Amino acid sequence: MKPIRKWIAAAMCAVLALGGCASSAVTAGNAASATAAAAVDGTAEVTVFKAGSADAILIQTSEGAVVIDTGESSFGDNLVEALKAAGITELQALILTHFDADHVGGAAELLGSITVDAVYQSDYPKDSDEYTAYVSALKDAGITAQTVRSGVSFSVGGASFYIDPPHQTSYASNSSNNSSLIIEMTYGSTRFLFAGDAMTERLEEYLQEDRGTFQFLKVPYHGRWQNSLEELFAAVQPQIAVLTAAAKEDTEETTSALEKMGASVYQTSSGTVHVTSDGTTLSVSQE
Ligand SMILES: [Zn+2]
């Protein structure tokens, strides 16, 4: 049975005294979804880094950490530094949504500096310096990456992950972006969706799976407008949306479509975004 979800949204918005961070909270769920969800102990924290028009995302739970994408190669040092500052010496998983330079660029640096237990990758390799450096770093670390061709599920400290693979080996347009892995994370009754750089063909095949609503959405393809976003937003019903975009990107149409449906929109050009889930409520702050 699929629980009927009714999100109670946008309860609070305040300015924190420390560092002038913008902060807000979203409470989610009703009796049905709260009962259906697994109880969690502690919190899950999602950090979406300011890294230009590029993706680098850290997920921390009480029992481990996962990274989704690693930004450009020039961001590798920053990512490793941020992980070390957070006391992370080991990752339970590194997920690379696809092999464009703004997603795989920092992977070689990361694999050379931090122990990584498992690497999940897309099925559309690229002939690029970044890809070559990544493959060589995998070899040096003695890791065999798992190419995701059918759905993969795993859990880290109460957070359940599902990686949805591309359904095709190539696409009519932009096969690299459309080969993006799409990642779902569930923590208690809160749900997060990370859509890589999925474009129309990939979004349409994902939406056909009818995967339900998510309070948090990492908007695909750096928030650049594409008509299929309307259908995505209607299906996902995000309360919090993050655009991994530099200030120069034209994200106005995407932002306005999200705001029109009541979502709070954060763009990483304004700073790294932190989202914390206690299993029922999401709190957001931006550096
Ligand atoms: Zn990208």
Report task. Give the stretch 233-260 a look and list any residue that's away from the ligand (no atom under 16 Å from the Cβ) and assigned to a helix (DSSP H, G or I), or say none. Result -> F233, A234, A235, V236, E252, E253, T255, S256, A257, L258, E259, K260
Report summary line: When every residue in the stretch 198-224 that is surrounded by 23 or more Cβ atoms within 10 Å (Cβ to Cβ) and in contact (Cβ under 8 Å) with a residue 60 or more places away in the chain is compared, the one nearest to E253 (Cα to Cα) is K218
Query raised in the report: Which condition number in (1) away from the ligand (no atom under 16 Å from the Cβ); (2) within 20 Å of I95 (Cα to Cα) is the one that I183 fails?
Result: (1)
Query raised in the report: Which is surrounded by fewer than 19 Cβ atoms within 10 Å (Cβ to Cβ) and in contact with a Leu (Cβ under 6 Å, 6 or more places away or on another chain), of A141, A118?
Result: A141
Query raised in the report: Only one residue in N227, N177 is without any contact (Cβ under 8 Å) to a residue 60 or more places away in the chain and either closer than 19 Å to T255 by Cβ or within 16 Å of the ligand (Cβ to nearest atom) (or both), so which one is that?
Result: N227
**Report entry** Matching residues in the stretch 79-106 - criterion: being in contact with a Ser or Thr (Cβ under 7 Å, 6 or more places away or on another chain), polar (S, T, N, Q) and away from the ligand (no atom under 14 Å from the Cβ)
**Finding:** T89
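Every number here is computed from the coordinates shown, using simple stated rules; none is lab data. Treat the numbers as computed from the prediction; the structure is a model and nothing was measured. Counting neighbours? That spans all protein chains shown, and the Cβs are built from the backbone with ideal geometry, glycine included.
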